[in-house]
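Notes for the one structure printed next.
The values are calculated or read from the model by the stated rules, or taken from the named source; none is laboratory data. Note that this is a predicted model, so its numbers are computed, not measured. Every residue, glycine among them, receives a Cβ derived from its backbone with ideal geometry; neighbour counts consider all protein chains shown.
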């Protein structure tokens, strides 16, 4: 059974996860983001477990494109929880998942995620990384992922190749938040005292 401190921690983590899924284009109701701690406890029960917090959300534009969020009970996640999670993904036809872990993954678990990457795209975040929403930090500008069509238009307009654009690493915290993948282009909008806003583009590597 989880302690009051763990419940409060998971309440904050779940809220950030819901915001993150919404920002990635998944169908999340405002009430799920604005849920109070007491509503959280009421929904999952006093005897809640991490594994009982599983989230499954469809894309707003393509209902068949879904993502799971798993909260493994093991402090340090090994291969077994990943095997269990990917079996459920296979059973339900879901290819994407996020693992929210307490202390990280074992080397074997990381290898397992790498080995199944052709079938399943599995990301992982530490609970500590999700206690607050990085996007809400005053120094983090607005990021918008370009569609393939928008990317094509951008490159044609400036007659450049995507590799000639400034870069953003896939393991950059904000790139991880949005689930950016190699080859994508993101628009970054910063406030500007003279122009109102200043727009740049980054190529994900």
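Total residues in region 20-38 satisfying the condition of being surrounded by 11 or more Cβ atoms within 10 Å (Cβ to Cβ), assigned to a helix (DSSP H, G or I) and under 18 Å from the mean Cα position of the chain (by Cα): the figure is 6.
Of the residues in region 64-80, none is in the same structural domain as residue 8 (by TED's automatic domain parsing), in a helix (DSSP H, G or I) and crowded, with 20+ Cβ neighbours inside 10 Å. Summed over region 47-68, residues that are over 17 Å from residue 179 (Cα atoms) and in contact with a helix residue (DSSP H, G or I) (Cβ under 9 Å, 6 or more places away or on another chain) total 6.
A count restricted to region 98-127 and to residues that are under 14 Å from residue 71 (Cβ atoms) and part of a helix (DSSP H, G or I) stands at 1.
Residue 123 meets the stated requirement of being assigned by TED's automatic domain parsing to the domain that holds residue 67, closer than 15 Å to residue 24 by Cα, touching a residue at least 12 places away in the same chain (Cβ under 8 Å) and touching a strand residue (DSSP E or B) at 6+ places or on another chain (Cβ under 8 Å). Of the listed requirements (1) within 30 Å of residue 34 (Cβ to Cβ); (2) without any contact (Cβ under 8 Å) to a residue 40 or more places away in the chain; (3) outside the structural domain of residue 74 (by TED's automatic domain parsing), residue 194 misses just one: (1). Within region 69-95, the set of residues being under 16 Å from residue 117 (Cβ atoms) and touching a helix residue (DSSP H, G or I) at 6+ places or on another chain (Cβ under 6 Å) comprises 79, 82. The residues of region 152-185 that are within 17 Å of the chain's Cα centre (by Cα), without any contact (Cβ under 8 Å) to a residue 60 or more places away in the chain and over 18 Å from residue 199 (Cα atoms), listed by number, are 169, 170, 171, 172, 173, 176, 180, 181, 182.
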